[in-house]
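Undergrad: Here it is: the structure, laid out below.
The values are calculated or read from the model by the stated rules, or taken from the named source; none is laboratory data. Worth saying up front: this structure is predicted, and the values here are computed from it rather than measured. Methodologically, a virtual Cβ is constructed for each residue, glycine included, from the backbone with ideal geometry; neighbour enumeration extends over all protein chains shown.
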Amino acid sequence: MKNTLRVAILTIIALASPLAMADTGSKGSNGDAVADPALAVPDLLFARPAGLAGTTLGFCAFVVVSPFVAMAECVDDAWDTLVITPGEWTFTRSLGDFGDSK
């Protein structure tokens, strides 16, 4: 029990350390690292894993529907909607940025 608690505390510290040292837009910063520092932790702990799951499920859905969309000749649209959009939301937006990316 004591060892499990120690591992949990060290894991939380390891995950929070980069966020504590993140630049919050001081002079000389490009401002793209962290959009909103208050939303960075929930984004890292909840939204990014959910986005990864959404990307994975989107890929699985694409595999299932690809024969049907191939008949309709809209494979590129299906790929963009099911895989690229959640992938971009997960991997390319700034940490803590929940705004519309377009």
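Undergrad: Is it the case, given these coordinates, that ASP97 is farther than 20 Å from ILE12 by Cα and in a loop (DSSP other than H, G, I, E, B)?
TA: Working: farther than 20 Å from ILE12 by Cα: yes; in a loop (DSSP other than H, G, I, E, B): yes.
Answer is yes for this residue.
Undergrad: To continue, here is another question. Under 7 Å by Cβ, and 6 or more places apart or on different chains, what pairs join a residue from region 71-100 that is over 18 Å from GLY54 (Cβ atoms) with one that is among the β-branched types (Val, Ile, Thr) and in a helix (DSSP H, G or I)?
TA: What qualifies is VAL75/VAL69.
Undergrad: I've got another one for you. Got a number for residues in region 54-102 being of a type in the set (Phe, Trp, Tyr) and surrounded by 16 or more Cβ atoms within 10 Å (Cβ to Cβ)?
TA: If we filter region 54-102 for residues that are of a type in the set (Phe, Trp, Tyr), which is where we start, we get 59, 62, 68, 79, 89, 91, 98.
Now restrict to residues that are surrounded by 16 or more Cβ atoms within 10 Å (Cβ to Cβ): 62, 79, 89.
Final tally of qualifying residues: 3.
Undergrad: Quick check on this structure: which one of GLY25, GLY54 is touching a Pro at 6+ places or on another chain (Cβ under 9 Å) and either in a helix (DSSP H, G or I) or at pLDDT 95 or above (or both)? Step through it out loud before you land on a result.
TA: On the way: GLY25 fails: either in a helix (DSSP H, G or I) or at pLDDT 95 or above (or both).
Sole residue among the options that is touching a Pro at 6+ places or on another chain (Cβ under 9 Å) and either in a helix (DSSP H, G or I) or at pLDDT 95 or above (or both): GLY54.
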